[in-house]
Every structure is written in structure tokens, then in C-alpha cells.
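The values are calculated or read from the model by the stated rules, or taken from the named source; none is laboratory data. Predicted model only: the values in this text are computed from it and were never measured. Here the Cβ positions follow ideal geometry from the backbone for every residue, glycine too, while neighbour counts run over all protein chains shown.
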């Protein structure tokens with residue numbers, strides 16, 4: 001028998017309840033998006049997830065109408081033109097530690113954010129045009145990986161990936177570039193490992209978003225908001 005959901009002491013209740021409802025579905029793109037959106041609803045209670053999903057679907061529709069090929073490179077080129085050239089999606093380098101950079105409603109409105117939030121928007125739009133995208137939980141800098149294998153070579157053995165950095169306008173990276181970016185963002189010399197390129201699970205994705213917010217709130221003395229994010233973290237840990 002399911003236990004009733006405990007009431008949060010600090011997190012806004014509708015945000016907490018929605019996050020709890022989506023935790024079981026975070027290994028789907030829809031569930032991950034909705035759980036990440038619920039995090040923002042702690043501070044953005046009027047934000048509407050269906051409106052946000054409509055924005056994402058509309059962007060995917062723009063890309064689909066431009067593409068006249070099933071070729072991965074063609075779809076990727078149009079995707080990047082729409083996201084990074086036309087709407088200007090990129091990282092917020094002027095105010096990196098602003099919590100709004102982790103809030104999907106704000107990221108979709110301002111087109112600025114942290115790497116992990118930008119990758120989620122990128123993933124949702126890209127999958128809307130038939131691309132396969134994973135989040136890459138590299139130290140210090142979250143990235144996207146796009147499956148480059150064409151349909152005529154579906155074997156997992158032949159599968160290859162392209163690495164994309166939405167924070168820097170969709171820059172394409174190879175494995176050496178990933179290593180350099182990790183060193184740049186962490187400030188530490190580290191040997192590359194396969195774990196740097198491993199796809200993030202939905203829970204890992206959300207845990208990192210919550211960790212970013214906890215660090216931002218801790219640094220500015222926002223104790224109640226920090227505790228609210230910890231309450232959401234406990235739902236992931238169950």
C-alpha cells in the first residue's frame with residue numbers, strides 16, 4: 001500500500017507534489033522535462049508546463065518544416081540554425097549563478113541558462129525532429145550527445161555519437177575537446193575516463209540540477225530555498 005505523500009516544510013506544495021508525481025517517469029523525456037519544470041515552480045508558481053511544452057513542440061515543428069531529408073546531418077544543421085542562430089539559445093555568461101538559469105520557464109523565455117537546462121531544451125526539440133539525444137554528465141559542464149548512426153546501419157556496434165555544447169551556441173566537440181572543457185570548467189587537470197561520456201540517467205540529471213540550485217542558494221544565504229531543494233532531493237533518493 002502506497003504511503004501518503006509527506007507535506008514539505010519549505011518547498012511550495014504544488015511544486016513538491018508535481019515533482020513527486022514525475023519521479024517515476026524521469027527516464028522518459030516527457031517525465032524528465034516535467035520534473036525539471038516542477039523544480040522551477042517552487043519560485044515560479046504560475047508557470048504553465050503545457051505552455052512550455054507547446055513552445056518546445058513549436059520549435060521542433062519549425063525545424064521539421066525546414067528539413068527535406070532523413071539524413072542526421074541535415075536535421076542537425078537545421079536544428080542548430082533554429083536554436084542557436086535564429087532564437088539565440090546559449091549560456092548565461094553574464095550572470096552564471098542566477099538560479100533562473102536552472103528554471104525551464106525562464107530559460108525558454110530568455111533563451112539563456114546553465115548547460116544542464118540548455119541541454120534539456122536541446123534534447124526535447126531534437127527528439128521532436130527524430131534525433132536521439134542523451135545528456136552527458138561530464139564534471140563541471142553538462143553536454144549533449146547526438147546519435148550519428150544512420151538508419152541503414154542500426155547495429156549498436158556501428159553506433160557513433162556527436163557531442164554538442166549548447167552553452168556555447170551548439171559547438172561540436174570531440175573527445176579531446178570534452179577533456180579540455182572539463183579542465184577549463186573545473187580548474188583541475190584530470191585524466192579523461194569513459195564515465196565522462198556516459199549518458200546521464202533521469203535521476204542523475206535532476207540531482208545535478210538540484211545540486212546547482214542548492215549551491216546557488218547557499219552562496220546567497222537563501223536558507224529556506226536551499227532546504228526546499230533538499231526536500232525535492234529526498235524524493236529522488238527514495
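Taking the range 187-196 as the region of interest, how many residues are surrounded by 14 or more Cβ atoms within 10 Å (Cβ to Cβ) and either outside any helix (DSSP H, G or I) or touching a strand residue (DSSP E or B) at 6+ places or on another chain (Cβ under 6 Å) (or both)?
Residues that pass the stated criteria total 1.
Say whether the condition of being surrounded by fewer than 20 Cβ atoms within 10 Å (Cβ to Cβ) and under 25 Å from residue 217 (Cβ atoms) is met by at least one residue in the range 55-66.
So far as the range 55-66 goes, no, none of its residues is surrounded by fewer than 20 Cβ atoms within 10 Å (Cβ to Cβ) and under 25 Å from residue 217 (Cβ atoms).
Has the range 20-35 got any residue that is under 18 Å from residue 202 (Cα atoms) and more than 18 Å from the chain's Cα centre (by Cα)? I'd like the intermediate steps shown before the answer.
Step one: of the range 20-35, the residues under 18 Å from residue 202 (Cα atoms) are 20-35.
Retained after the next criterion (residues that are more than 18 Å from the chain's Cα centre (by Cα)): 20-21.
Within the range 20-35, one or more residues are under 18 Å from residue 202 (Cα atoms) and more than 18 Å from the chain's Cα centre (by Cα).
Of all residues in the range 104-137, how many are more than 23 Å from residue 61 (Cα to Cα) and over 9 Å from the mean Cα position of the chain (by Cα)?
Selection size over the range 104-137: 2.
Hey, can you tell me all the residues within the range 109-123 that are crowded, with 23+ Cβ neighbours inside 10 Å and not in a loop (DSSP other than H, G, I, E, B)? Break it down stepwise before answering.
Filtering the range 109-123 for residues crowded, with 23+ Cβ neighbours inside 10 Å gives 113-123.
Residues satisfying the conditions are 113, 115, 116, 117, 118, 119, 120, 121, 122, 123.
Do you know which residues across the range 198-234 are in contact with a strand residue (DSSP E or B) (Cβ under 6 Å, 6 or more places away or on another chain) and either surrounded by 20 or more Cβ atoms within 10 Å (Cβ to Cβ) or in a helix (DSSP H, G or I) (or both)? First the steps, then the outcome.
Filtering the range 198-234 down to residues in contact with a strand residue (DSSP E or B) (Cβ under 6 Å, 6 or more places away or on another chain) leaves 199-200, 205.
Of everything in the range 198-234, those that are in contact with a strand residue (DSSP E or B) (Cβ under 6 Å, 6 or more places away or on another chain) and either surrounded by 20 or more Cβ atoms within 10 Å (Cβ to Cβ) or in a helix (DSSP H, G or I) (or both) turn out to be 200, 205.
Conditions (1) surrounded by fewer than 19 Cβ atoms within 10 Å (Cβ to Cβ); (2) without any contact (Cβ under 8 Å) to a residue 12 or more places away in the chain, marked per residue:
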| residue | (1), (2) |
| --- | --- |
| 6 | yes, yes |
| 9 | yes, no |
| 13 | yes, yes |
| 26 | no, no |
| 50 | yes, yes |
| 68 | yes, yes |
| 80 | no, no |
| 95 | yes, yes |
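If residue 140 meets every condition in (1) more than 17 Å from residue 210 (Cβ to Cβ); (2) modelled with pLDDT under 95; (3) not in a helix (DSSP H, G or I) apart from one, which number is that one?
Going through (1) more than 17 Å from residue 210 (Cβ to Cβ); (2) modelled with pLDDT under 95; (3) not in a helix (DSSP H, G or I) one by one, residue 140 breaks only (1).
I'm trying to understand the selection: among the residues of the range 13-45, which are outside any helix (DSSP H, G or I) and more than 14 Å from residue 233 (Cα to Cα)?
Once the filter is applied, which keeps residues that are outside any helix (DSSP H, G or I) and more than 14 Å from residue 233 (Cα to Cα), the range 13-45 yields 27, 28, 41, 43, 44, 45.
Of the residues in the range 63-80, how many are more than 24 Å from the chain's Cα centre (by Cα) and assigned to a helix (DSSP H, G or I)?
Selection size over the range 63-80: 2.
Residue 88 - would you say it is modelled with pLDDT of 95 or more and surrounded by fewer than 16 Cβ atoms within 10 Å (Cβ to Cβ)?
Values: modelled with pLDDT of 95 or more: yes; surrounded by fewer than 16 Cβ atoms within 10 Å (Cβ to Cβ): yes.
Judged against the criteria, residue 88 is a match.
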